[in-house]
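Every read-out reported here was derived from the displayed coordinates using simple, explicitly stated rules and does not represent laboratory data. From a predicted model like this one, the values you see are computed outputs, not experimental measurements. With ideal geometry, Cβ positions are generated from the backbone for all residues, glycine too; neighbour counts draw on all protein chains shown.
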Amino acid sequence: MHDKDTSHSTLAFIGGGNMASAIIGGLIHQGTPASRIIVIEPFQETRQRIEHQFNIKTYASAGPALEEAGLVVWAVKPQVFKDAALSTGMFCKDALHLSVAAGIRSDSIAQWLNSERIVRAMPNTPALVGLGQTGLFARPSVTAEDKGWIERIVATTGQYLWVNDETLLDAVTAVSGSGPAYVFFFIEAMVKAGVHMGLTEAQAHQLAVGTFVGAAELARSANESPTILRERVTSKGGTTYAAISTMQAAGMAEQFQAALLAAQQRAAEMGDAFGG
């Protein structure tokens, strides 16, 4: 259900990097007119790419054009968020704000923008191909209507879920925000192993990537848990058993879990470091 604000308001993006581009692309693909979207981006090369790709207006710095924005998406690097907010917030006091900056807590954003209508999001890069996972947290002043608007925006990039405790976004960051890199890490290792065994790099790459895609789809569509799915293809004394036993003997599951905890801790540290 769209009201007059959400169906006609300008959507403004502060920052025009990959995540902004993923959301903009999703919006335009699903019918949002390019004329309703603007981007504030200081780097000329990025502005030119966005203008060419999406045929939308871009600006090098904040100005009166932002006053028409009903929703402002903050897609800036955490370390520059404060400066961007302090120089931009005066132009969009009445807007709904959506932050996709890792680690920056909504308390800090509210203080910098002098606004309580803030939703924090933790997306991931598969949003670029419409298969993203996004965790969302809304401050108490965000209405159900506001949340519905955010959901329609984020749904253009994939799936989303709401958490009611903001600290859980650090866990979302560790599991899905940083998660694609873990998958790429394992694909790298599988390709190297395949090449070592005599496959070409192209062959090993096809097999490794295709296996991740297929196994992920099985896990998504199956009623059974990943544990059951793993056990089903692990015959005692067989080849899979040899591989899984080697990983278990090396403590890989525990090491992998420790890696995710390190990511969670770093997300919390970023909130402390850049939220002052």
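Show that you can apply the helix-only estimate: for the chain, add -39,500 (n - 2.57) for every DSSP H stretch of four or more residues, divide by all residues, and state [θ] at 222 nm to the nearest 500.
Details: 12 runs with 143 residues, N = 276.
When only DSSP H runs of four or more count, the value is -16000 deg cm²/dmol.
Which residue, A242, H205, G194, has the largest displacement toward the positive end of the dipole of the range 179-271 when charges sit on each Cβ (Lys, Arg +1; Asp, Glu -1)?
Selected residue: A242.
Kindly work out what percent of the DSSP beta bridges joining two residues of the range 4-169 are antiparallel, to the nearest 5.
If I count the DSSP bridges inside the range 4-169, around 15 percent turn out antiparallel.
In a Gaussian network model over the chain where Cα atoms closer than 10 Å are linked, find which of A20, A250, A204 has the largest mean-square fluctuation.
With Cα springs under 10 Å in the chain, the top fluctuation among A20, A250, A204 is at A250.
Which trypsin sites (Lys or Arg not before Pro) in the range 1-98 pass both tests, a DSSP loop state and at most 15 other beta-carbon atoms within 10 Å? Don't skip to the answer; put the middle values down first.
Numbers: sites: K4, R36, R47, R49, K57, K82, K93; in loops: K93.
Sites meeting the loop and neighbour criteria: K93.
Would you mind checking which residues have amide H under 5 Å from A62's amide H? H placed 1.01 Å from N; only 5 or more apart, or other chain.
Amide H neighbours of A62, under 5 Å, 5+ apart: none.
Of the labelled options (1) -0.22, -1.07, -1.22; (2) -0.31, -1.13, -1.23; (3) -0.27, -1.10, -1.21, which one gives log10 I(q)/I(0) by the Debye sum over Cα atoms at q = 0.07, 0.15, 0.16 Å⁻¹ as computed for this structure?
Only one option fits the structure, namely (2).
Considering amide H positions built from the backbone, and no H for Pro or chain starts, which residues 5 or more places from F13, or on another chain, come under 5 Å of its amide H?
Excluding prolines and chain starts, which carry no amide H, the hits are I38, V39, I40, V73.
Where is the GNM fluctuation largest for the chain (alpha-carbon springs, 10 angstrom cutoff): P64, P180, P42?
Highest fluctuation of the listed residues: P64.
Can you list the HN-Hα couplings for the range 249-257, worked out from phi with the Karplus curve (6.51, -1.76, 1.60; θ = phi - 60°), rounded to whole Hz and with x for Gly and Pro?
5, 7, x, 5, 4, 5, 5, 5, 5
Scan around Y160 for amide H atoms under 5 Å from its own, H built in the peptide plane at 1.01 Å from N, and keep only partners 5 or more places away or cross-chain.
Those lying under 5 Å, H to H, from Y160 are T134.
If you plug each phi of the range 132-141 into the Karplus form 6.51 cos²θ - 1.76 cosθ + 1.60 with θ = phi - 60°, what whole-Hz ³J(HN,Hα) values come out, in order, with x for Gly and Pro?
Listing the rounded values in order: x, 10, 10, x, 10, 9, 10, 5, x, 6 Hz.
I'd like the Karplus ³J(HN,Hα) series for the range 207-215: coefficients 6.51, -1.76, 1.60, θ = phi - 60°, whole numbers in Hz, and an x wherever there's a Gly or Pro.
With coefficients 6.51, -1.76 and 1.60, one gets 5, 5, 5, x, 5, 5, 4, x, 5 Hz.
With springs connecting C-alpha atoms under 10 Å apart, model the chain as a Gaussian network and identify which of E231, E41, E67 has the largest mean-square fluctuation.
With Cα springs under 10 Å in the chain, the top fluctuation among E231, E41, E67 is at E231.
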